[in-house]
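Student: Below you will find the structure I want to go over with you.
The values are calculated or read from the model by the stated rules, or taken from the named source; none is laboratory data. For clarity, every value in this text was computed on a predicted model and none was experimentally measured. Please note: Cβ atoms are built from the backbone with ideal geometry, for glycine as well, and neighbour counts cover all protein chains shown. Quick note on the areas: whole protein, heavy atoms, side chains included, nothing else; ligands and nucleic acids left out. Shrake-Rupley method; radii C 1.70, N 1.55, O 1.52, S 1.80 Å.
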Amino acid sequence: MSVAAVWSQDLLAFLGAYRDAFRAFDGAAVAQLYAEPSGIVSDLGYTHWATRAAVESNMRALCELYRADGVRDVAGTPGVCMPLGEHAAFVTVDWTLERDSGPRRFATAYNLGREGASWRVRLCTAYEEQPLNRATKSA
């Protein structure tokens, strides 16, 4: 069985909504997919967002950065999916950003929590983007 096969339909739908929000450069739509509070861990450290408005401010800025950098499309390949009971999951996604300057790939891990019928990101762990040719050579 492939790793992606363990993803439930609702988690795949969440991933699709997340991808589509970035494809549309819609920082507000991305922010709606985050819990309140939530946070992100990257090579720069940890950022805590106490409110969804704080997430939205960050995601609007990120979407504008992507637009300015020539991102034309966003694709996400489901990776690991580890259900943590009925209301939580740990998932990884391999992202590809198609850009004018060439594609870039990065991996992201998400701690998700269910709020009612919807999944929300509680914690995002992002990794440094790499050009596809560099990432492929080191794989």
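Student: Nearest 500 deg cm²/dmol is fine: what mean residue ellipticity at 222 nm does the chain get from its DSSP H runs of n ≥ 4 alone, each adding -39,500 (n - 2.57), divided by its residue count? Could you put the intermediate results ahead of the total?
Tutor: Working: 4 runs with 44 residues, N = 139.
For the chain, the value works out to -9500 deg cm²/dmol.
Student: Relative to the compact globular guide of 2.2 N^0.38 Å, what is the alpha carbon radius of gyration of the chain, as a ratio? Before the final figure, lay out the partial values.
Tutor: Values: Rg = 14.7 Å, N = 139, 2.2 N^0.38 = 14.3 Å.
Normalised Rg, Cα atoms only: 1.02.
Student: Under a 1.4 Å probe, what is the accessible area of the chain per residue, stated in Å²? Before the final figure, lay out each step's value.
Tutor: Numbers: 7510 Å² over 139 residues.
Solvent-accessible surface per residue comes out at 54 Å².
Student: Over the chain, calculate the relative contact order: mean separation of alpha carbon pairs under 8 Å at least 6 apart, over the residue count, as a percent. List each step's numbers first, then the result.
Tutor: Values: 255 pairs, mean separation 31.8, N = 139.
That works out to 23 percent.
Student: Using 0.36 nm per residue of separation minus the Cα-Cα distance, give me the extension gain between T125 and E64 in nm, one decimal.
Tutor: Numbers: separation 61, 0.36 × 61 = 21.96 nm, distance 2.05 nm.
Contour length minus Cα-Cα distance gives 19.9 nm.
Student: Moving to a separate point now. Counting Lys and Arg as +1 and Asp and Glu as -1, each charge on the Cβ, what is the dipole of the chain about the Cα centre in debye, to the nearest 20? Mind dumping the intermediate values first?
Tutor: Values: 14 positive and 16 negative charges, 37 e Å.
The calculated dipole for the chain is roughly 180 debye.
Student: Only Lys, Arg, Asp and Glu count, each charged at its Cβ (+1, +1, -1, -1), so figure out the dipole size of segment 64-113 about its Cα centre, rounded to 20 debye. Before the final figure, lay out each step's value.
Tutor: Values: 5 positive and 7 negative charges, 22 e Å.
Taking the Cα centre of segment 64-113 as origin, the dipole is about 100 debye.
Student: Would you mind computing, in nm to one decimal, how far apart the modelled labels at V6 and M82 are, each placed 7 Å from Cα along Cα→Cβ?
Tutor: Going by the 7 Å Cα→Cβ label model, 0.9 nm.
Student: Less than 14 Å Cβ to Cβ from D100, Lys/Arg counted +1 and Asp/Glu -1: what total charge do the surrounding residues give? Write out the running numbers ahead of the final one.
Tutor: Values: positive: R67, R72, R99, R104; negative: D69, D73, E98.
Surrounding charge for D100 is +1.
Student: Sticking with this structure for a sec: Once R0 is set to 22 Å, what does the formula 1/(1 + (r/R0)^6) return for the Cβ-Cβ distance between S101 and A28, expressed as a FRET efficiency to the nearest 0.05?
Tutor: On the way: r = 27 Å, r/R0 = 1.22.
For S101 and A28, the calculated efficiency is 0.25.
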